[in-house]
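A.B. asks: The structure's right below; bear with me while I get my questions together.
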Amino acid sequence: MRATNIKEQLRQLGNPAKADHSAYFFKTGKGEYGEGDRFIGCTVPETRSVAKANRYTPLSELEKLLADEMHECRLCALIILVEQFKQADEPKRKEIVDFYLSHTPRVNNWDLVDLSCYHIVGEWLKEKDDRTLLYGLAASSLLWDQRIAVVSTMAFIRNNDFDDILRLSEIFLAHKHDLMHKACGWMLREAGKRDETILTGFLDDHCTEMPRTMLRYAIERLSPEQKTKYMQRPARQTTL
């Protein structure tokens, strides 16, 4: 299927009121992280339905969708890419990973990162000993690369592998952007759901260094007593 046809299918589902709401929700104003992003006004389920109907679209056409100014076009391309990765053999998976990593500047909002990265990058690295790729992303100057590094660890965490999220959370303790605070706190919380001692050990070591948002996200599922214990410790306040 051609990218132009897929975009037209999405446009037919568009809603101007939803588009306006999305522009506000995803912080598209001047100086905000989603500055300049534009929306058709499709819901995620609607976009998924279009992706499912076009799941065999070649990478050359997905590349055009990723280059599109409309958020839902990029979202649809990434959903298709995830589905293709799930069905692919090892050589094709490598091709998809390389394609994904070469287009991360177009995976340029938190929802685009979160629905795609751990299904592709995380799954690719899950059984591999060499995860230098992850730390290359973490060292990038691009916010979206950094978030990809952190959220990709979801695939490891679900496999009871916590080393990388602990290391990355340490790396990003001094990060200035709340999207990274939220990502680290979220993944730490996910690790704590699997093994609470992993989370509390990290909190005991780093609670006073953690940005308040990261701390709040991390402790969300702890007992009221534990929450009080960690929140009463002075945590680092940060601003963008």
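A.B. asks: Among what's in the stretch 213-228 and is assigned to a loop (DSSP other than H, G, I, E, B) and aliphatic (A, V, I, L, M), pick the residue that is surrounded by the fewest Cβ atoms within 10 Å (Cβ to Cβ). Lay out the reasoning, then the answer.
C.D. replies: Narrowing the stretch 213-228 to residues assigned to a loop (DSSP other than H, G, I, E, B): 219-223.
Pick out the ones that are also aliphatic (A, V, I, L, M) and you get 219, 222.
On the way: I219: 24, L222: 18.
The residue in question is L222.
A.B. asks: Out of the residues in the stretch 176-202 that are over 11 Å from the mean Cα position of the chain (by Cα) and among the aliphatic types (A, V, I, L, M), state the one that is nearest to F26 (Cα to Cα).
C.D. replies: L188
A.B. asks: Would you pick out the residues in the stretch 1-31 that are more than 23 Å from the chain's Cα centre (by Cα) and assigned to a loop (DSSP other than H, G, I, E, B)?
C.D. replies: M1, R2, L13, G14, N15
A.B. asks: Return a yes/no flag: does the stretch 144-156 have any residue that is at pLDDT 95 or above, in a loop (DSSP other than H, G, I, E, B) and under 20 Å from E123 (Cβ atoms). Full working, then the answer.
C.D. replies: Initial filter on the stretch 144-156 (at pLDDT 95 or above): 144-156.
Then drop every residue that is not in a loop (DSSP other than H, G, I, E, B), which leaves 152-153.
Now narrow it down to the ones that are under 20 Å from E123 (Cβ atoms): 152-153.
Within the stretch 144-156 (the criterion being at pLDDT 95 or above, in a loop (DSSP other than H, G, I, E, B) and under 20 Å from E123 (Cβ atoms)), the answer is yes, since at least one residue qualifies.
A.B. asks: Condition (residue is farther than 13 Å from A3 by Cα, free of Cβ contacts under 8 Å to residues at least 40 places away in the same chain and surrounded by 22 or more Cβ atoms within 10 Å (Cβ to Cβ)) applied to the stretch 68-76: is it met by at least one residue? Show your work before the answer.
C.D. replies: Of all residues in the stretch 68-76, those farther than 13 Å from A3 by Cα come to 71.
Those left that are additionally free of Cβ contacts under 8 Å to residues at least 40 places away in the same chain: none.
No, the stretch 68-76 has no match at all.
A.B. asks: Still on this structure, I have one more. Which residues, counting only those in the stretch 76-116, are part of a helix (DSSP H, G or I) and aliphatic (A, V, I, L, M)? Outline the logic, then answer.
C.D. replies: At the first step, the residues of the stretch 76-116 found to be part of a helix (DSSP H, G or I) are 76-87, 90-102, 104-106, 110-116.
Those that are part of a helix (DSSP H, G or I) and aliphatic (A, V, I, L, M): A77, L78, I79, I80, L81, V82, I96, V97, L101, L112, V113, L115.
A.B. asks: Go through (1) out of contact with any helix residue (DSSP H, G or I) (no Cβ under 7 Å at 6 or more places or on another chain); (2) more than 23 Å from W186 (Cβ to Cβ); (3) in a helix (DSSP H, G or I) for D129 and report which single condition fails.
C.D. replies: (3)
A.B. asks: Name the single residue, out of those in the stretch 4-31 being among the charged types (D, E, K, R) and surrounded by fewer than 12 Cβ atoms within 10 Å (Cβ to Cβ), that is modelled with the highest pLDDT. Explain how you work it out, then say what you get.
C.D. replies: Within the stretch 4-31, the first condition is being among the charged types (D, E, K, R), and the residues that meet it are 7-8, 11, 18, 20, 27, 30.
In the following step, the residues that additionally are surrounded by fewer than 12 Cβ atoms within 10 Å (Cβ to Cβ) were identified as 8, 30.
Numbers: E8: 95, K30: 88.
In this case the residue turns out to be E8.
A.B. asks: Something else about it: Filter the stretch 32-48 down to the residues that are surrounded by 16 or more Cβ atoms within 10 Å (Cβ to Cβ) and assigned to a helix (DSSP H, G or I) and list them by number.
C.D. replies: In the first step, residues of the stretch 32-48 are kept if they are surrounded by 16 or more Cβ atoms within 10 Å (Cβ to Cβ); the result is 33-34, 37, 39-42, 46-48.
Of everything in the stretch 32-48, those that are surrounded by 16 or more Cβ atoms within 10 Å (Cβ to Cβ) and assigned to a helix (DSSP H, G or I) turn out to be E46, T47, R48.
A.B. asks: Yes or no: the stretch 39-49 includes at least one residue that is of a type outside the set (D, E, K, R) and either under 15 Å from N108 (Cβ atoms) or not assigned by TED's automatic domain parsing to the domain that holds D111 (or both).
C.D. replies: Taking the stretch 39-49 as the starting set, the residues that turn out to be of a type outside the set (D, E, K, R) are 39-45, 47, 49.
Checking which are either under 15 Å from N108 (Cβ atoms) or not assigned by TED's automatic domain parsing to the domain that holds D111 (or both) leaves us with 39.
Yes, the stretch 39-49 has at least one match.
The values are calculated or read from the model by the stated rules, or taken from the named source; none is laboratory data. Owing to the predicted nature of the structure, the values given are computational and were not obtained by experimental measurement. Note that each Cβ is placed from the backbone with ideal geometry, even for glycine, and that neighbours are counted across all protein chains shown.
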